[in-house]
Amino acid sequence: MNELQSAALVTGGSRGIGKACAITLAKAGYTVLLTYVSRPEEAERTVAEIASAGGNAQAFQLNVGDAEAVSDFFNNEIRGKFSLDVLVNNAGITKDTLLIRMKDEDFDRVLQINLRGSFICLREAAKIMMKQRSGRIINISSVCGQMGNAGQANYCAAKAGLIGLTKSAAKELAGRGITVNAVAPGFIETDMTAVLPEEVKKSYVDSIPLKRLGTPQDIADAVAFLASPAAGYITGQVLAVNGGMYC
Ligand code: NAP
């Protein structure tokens, strides 16, 4: 029987932190399967960047909020075609406002994408990895899930929930050789944070002991570590990559 190619799936791998993870995991030798939802051109640009550096990547449109589509994706595009060695649950959104103004649908939507979407991808990946008896699952949480943040009750609840999901999944899946960890980024320069006013960004930098915003590469390096053999005995942990913002 032919050995299957080793793949890393990065949800929301088209831009920002997910893109840096996709490029870094491709450099580490994985075939990268990256997903996007609304911007195919960004996804194709990331695939082309990986190919021009000598790596392998494919882009797929996949809304992680659509459980049926996620299940079809794992069955049709991964099962039997790749050895799924790494899952990075990175896709995420924000819908910020003070909690007394937060609409039910904005709370639900953020939970649906950030938490339920990660759960569904984790569950589908676990079915494949359990048969392989190996795999690395890395959930992208947030410093906001650890310390809370005014105006982000929905997002913080989802990101804190992701930590509980990580720890529970780590306990359930360890017996099959699968590790599950979270990375909790601090304030990282991406499209998600580009919308914030300059004075808000400056106040964040002032509150960060290392006195700079994080880069997508800072997070990708932590993800690559957790995916590497060096992290084989680490599971159920939250690796904070936040410049000392929250210790
Ligand atoms: P970003 O620049 O806004 O990129 C988000 C990515 O997720 C894009 O690839 C986007 O695809 C994809 N996406 C959005 N909704 C999706 C859905 N329903 N299904 C599948 N994919 C979806 O975000 P980022 O700043 O890189 O953040 C990445 C992750 O890190 C998120 O989970 C975020 O919460 C977390 N995080 C970020 C920061 C920060 O400061 N930036 C800090 C802590 C944690 P399209 O391009 O097609 O829209």
*Matching option when the condition is modelled with pLDDT of 95 or more, out of contact with any Cys (no Cβ under 8 Å at 6 or more places or on another chain) and under 23 Å from ILE120 (Cβ atoms), among THR24, THR31*: THR31
*Being of a type in the set (A, V, I, L, M, F, W, C) and without any contact (Cβ under 8 Å) to a residue 40 or more places away in the chain is the filter; apply it to region 214-247 and report the residue that is farthest from ILE138 (Cα to Cα).*
CYS247
_Considering only residues that are open to solvent by less than 30 Å² (accessible area, probe 1.4 Å) and touching a Phe, Trp or Tyr at 6+ places or on another chain (Cβ under 7 Å), which ones fall in region 17-58?_
THR31, LEU33, THR35, ALA43
_What are the pairs with Cβ atoms under 7 angstrom where one residue, in region 183-210, is closer than 30 Å to ILE234 by Cα and in contact (Cβ under 8 Å) with a residue 60 or more places away in the chain and the other, located anywhere, is in a loop (DSSP other than H, G, I, E, B) and more than 9 Å from the ligand (Cβ to nearest atom)? Sequence gap at least six, or different chains._
GLY186/ILE208; GLY186/GLY243; GLY186/MET245; ILE188/THR215
*Give SER118, SER141, SER134 a once-over and let me know the one that is open to solvent by less than 20 Å² (accessible area, probe 1.4 Å) and either closer than 20 Å to LEU196 by Cα or over 16 Å from the mean Cα position of the chain (by Cα) (or both).*
SER141
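When you look at SER118, is it closer than 27 Å to THR179 by Cβ and within 14 Å of the ligand (Cβ to nearest atom), yes or no? Let's see the steps before the verdict.
Working: closer than 27 Å to THR179 by Cβ: yes; within 14 Å of the ligand (Cβ to nearest atom): yes.
Judged against the criteria, SER118 is a match.
Can we say VAL110 is open to solvent by less than 50 Å² (accessible area, probe 1.4 Å), among the aliphatic types (A, V, I, L, M) and within 30 Å of GLY232 (Cα to Cα)? Please lay out each step first, then the result.
Working: open to solvent by less than 50 Å² (accessible area, probe 1.4 Å): yes; among the aliphatic types (A, V, I, L, M): yes; within 30 Å of GLY232 (Cα to Cα): no.
No, not satisfied.
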*From (1) part of a helix (DSSP H, G or I); (2) open to solvent by 20 Å² or more (accessible area, probe 1.4 Å); (3) small (Gly, Ala, Ser); (4) touching a helix residue (DSSP H, G or I) at 6+ places or on another chain (Cβ under 9 Å), pick out the condition that doesn't hold for SER83.*
(1)
*Mind checking whether some residue in region 130-141 is touching a strand residue (DSSP E or B) at 6+ places or on another chain (Cβ under 8 Å), among the hydroxyl-bearing types (Ser, Thr, Tyr), within 16 Å of the ligand (Cβ to nearest atom) and in a helix (DSSP H, G or I)?*
no
*Flag if VAL180 is within 15 Å of the ligand (Cβ to nearest atom), of a type in the set (Val, Ile, Thr) and either surrounded by fewer than 22 Cβ atoms within 10 Å (Cβ to Cβ) or modelled with pLDDT of 95 or more (or both)*: no
*Pull up region 183-228, narrow it to residues that are in a helix (DSSP H, G or I) and among the aromatic types (Phe, Trp, Tyr), then point me to the one that is least open to solvent (accessible area, probe 1.4 Å).*
TYR204
*Looking at (1) assigned to a helix (DSSP H, G or I); (2) within 14 Å of the ligand (Cβ to nearest atom); (3) surrounded by fewer than 16 Cβ atoms within 10 Å (Cβ to Cβ), which is the one condition that is false for GLY164?*
(2)
_Tell me yes or no: at least one residue of region 91-105 is within 12 Å of the ligand (Cβ to nearest atom), within 20 Å of the chain's Cα centre (by Cα) and surrounded by fewer than 17 Cβ atoms within 10 Å (Cβ to Cβ)._
yes
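The values are calculated or read from the model by the stated rules, or taken from the named source; none is laboratory data. What you see is a predicted model, and the numbers here were worked out from it, not measured in a lab. Counting neighbours? That spans all protein chains shown, and the Cβs are built from the backbone with ideal geometry, glycine included. Accessible surface areas use protein heavy atoms only, side chains included; no ligands, DNA or RNA. Shrake-Rupley method; radii C 1.70, N 1.55, O 1.52, S 1.80 Å.
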